[in-house]
């Protein structure tokens, strides 16, 4: 078996934990465990497991289809979860009680989140209507079930994300959310109200302009508490209900907010900020007590977490060269009841994801699961992961990772510049850094280019590319390439470039603006900022250019920074890969760029995967994509 096939097979065996929920006694955890991919016509075959903190485990569900979002009752052993076992892709509500599973309630939409009331008599459920879209971080596909949409109708009012109250005794279901707004996230404010992120626009665009609001369940009345020009995430109500904590900052995608911690005083309406700049890429918070919060976020190429007090001082904090959270989109920790320790999902270089626990902040991580204990067995070719530092064109300090084949020969290597998406994301110390283990297995050095605008270096850094897409950020990347060449890592005559989403945009931009790359692979990218803004499901384009595209100056900037309009004399052979159902960067972006390259005599190929959205989920598609990418670079780089 060749190295690429071996690595692809190994990666497909990785299992991913998510949705940690502590039993009210604090000595056990429920979590959803998912495979790396699924077969056509299936949903992810996720299952709910219970883990005692002494590492004994029991599988609680067995589908069919997927089981997700476990939530333990705050008062007893009951466990609620969502599952699409009845109708594929529609997550309904189920309850495990005395070892038996029963359906509960009548939710018209598909469940995305839920909370128990404090007395355990009801569940508050957030569900998305049929006909909405998912965000980029969960595939960016149309939400539907039970057959095709014929016709597919889109309008501003018919579909929303709604709140429901479900009685655990008889399943009685009542809609309790606002009558004319969509709900993105919520936390309970007692048992009869919620603090939520809402928007008037129910589409994905509305999330970028969401407001912090209080919702009364009985009247469904809404009181707006806070509005921001930036994005919001993670509302959390204090134990006394006197304050609300939330995160605020620039984010290119729902689920990717890594911002500043804010505290809203409900009596005065005043909003204050917490902690110093090094804590300004926080992605998850929860109250420890009335005077302090748990937090987790990104710090450079790794994660940070700890306890912050309301005066901004840190009771305790830690930083690791690891991803502490369910994935590299969201850093988070989960406090045990009574603050008796905390759990997290953790992965690092050479360490696949597992659930871990600390009894005290000073403790070492104790492993709770052994889901991926065999993944590293006999992985003799796991690459060298090297942290690198250079400076951008204007002297800005930058850092990234380089992956190097373990058995490489001396001297410069053909190098793939792999540009991550977002852009409010970054390549980090993970088990599969930048999702590039397959590329290095194919024999390439891989430069995981972090650039200005990324998360992990504070909010001011994260905003440096606003109003300048493809500008200084591209100079950053090319300066990093020059550094790799000067250090003897990369062969200047054998450079390739790839990236997905915003990384796909930057790949197309590299094809348009440079002749230094011998091959390019654009994945789920943007070629036309103007047309993408009006055909996609989100409002990212308005923020990255610095304002609304109806403004003539900004419209001209969007066109000027579109690869499609800058293809003067392109030379780079380009493979273009896209999901047919992608609503974040619609398929037309790939089709436009492909046609434009052919028109200019540049070798190009367009590969479209049916049933896929912004990311690829089917096992066959993932394997096919990896092999096509390797073959394309082999054809144009290794031959060079």
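The values are calculated or read from the model by the stated rules, or taken from the named source; none is laboratory data. Computed from a predicted structure; not experimentally measured. Because the Cβ atoms are built from the backbone with ideal geometry, glycine has one as well, and the counts that use them run over all protein chains shown.
Some notes on this structure:
Residues are listed down the side, and each one gets a yes or a no for (1) touching a strand residue (DSSP E or B) at 6+ places or on another chain (Cβ under 9 Å); (2) closer than 16 Å to residue 301 by Cα:
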site	(1), (2)
432	yes, yes
443	yes, no
450	yes, yes
453	no, yes
459	yes, yes
464	no, no
475	no, no
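- Residue match in region 54-70 (condition: surrounded by fewer than 21 Cβ atoms within 10 Å (Cβ to Cβ) and farther than 29 Å from residue 11 by Cβ): yes
- Region 150-205: number of residues that are loosely packed, with under 12 Cβ neighbours inside 10 Å and either touching a residue at least 40 places away in the same chain (Cβ under 8 Å) or within 17 Å of residue 583 (Cβ to Cβ) (or both): 9
- Checked against the criterion of being surrounded by fewer than 17 Cβ atoms within 10 Å (Cβ to Cβ) and either assigned by TED's automatic domain parsing to the domain that holds residue 456 or more than 30 Å from residue 467 (Cβ to Cβ) (or both), the candidates 273, 240, 236, 286 yield just one match: 240.
- Strands (runs of 3 or more DSSP E) wholly inside region 253-340 that include at least 2 residues being modelled with pLDDT of 95 or more and under 26 Å from residue 53 (Cβ atoms): 282-289, 292-299, 302-309, 314-320
- Of the residues making up region 442-462, one or more are buried (at least 19 other Cβ atoms within 10 Å of the Cβ) and without any contact (Cβ under 8 Å) to a residue 24 or more places away in the chain.
- Count - residues of region 82-141 that are on the phi > 0 side of the Ramachandran plot and within 21 Å of the chain's Cα centre (by Cα): 3
- Some residue of region 573-581 being at pLDDT below 95, within 23 Å of the chain's Cα centre (by Cα) and surrounded by fewer than 23 Cβ atoms within 10 Å (Cβ to Cβ): yes
- Number of residues in region 490-526 that are over 22 Å from the mean Cα position of the chain (by Cα) and surrounded by 19 or more Cβ atoms within 10 Å (Cβ to Cβ): the value is 14.
- Residues located in region 363-381, provided they are surrounded by 13 or more Cβ atoms within 10 Å (Cβ to Cβ) and in a loop (DSSP other than H, G, I, E, B): 365, 368, 369, 371, 372, 375, 376, 379, 381
- Search result, residues across region 603-616 that are touching a residue at least 60 places away in the same chain (Cβ under 8 Å) and surrounded by fewer than 20 Cβ atoms within 10 Å (Cβ to Cβ): 611
- Number of the exception - residue 590 against (1) surrounded by 24 or more Cβ atoms within 10 Å (Cβ to Cβ); (2) in contact with a helix residue (DSSP H, G or I) (Cβ under 6 Å, 6 or more places away or on another chain); (3) assigned to a helix (DSSP H, G or I): (2)
- Residue count for region 395-423, restricted to those that are in contact with a helix residue (DSSP H, G or I) (Cβ under 8 Å, 6 or more places away or on another chain) and outside any strand (DSSP E or B): 7.
- Region 206-247, residues that are in contact (Cβ under 8 Å) with a residue 12 or more places away in the chain and closer than 27 Å to residue 586 by Cβ: 206, 207, 208, 209, 210, 230, 231, 232, 233
- Residues satisfying the stated conditions in region 601-620, i.e. under 20 Å from residue 635 (Cα atoms) and outside any loop (DSSP other than H, G, I, E, B): 604, 605, 606, 607
- Selected residue [within 11 Å of residue 519 (Cα to Cα) and touching a helix residue (DSSP H, G or I) at 6+ places or on another chain (Cβ under 9 Å)] from 626, 604, 640: 604
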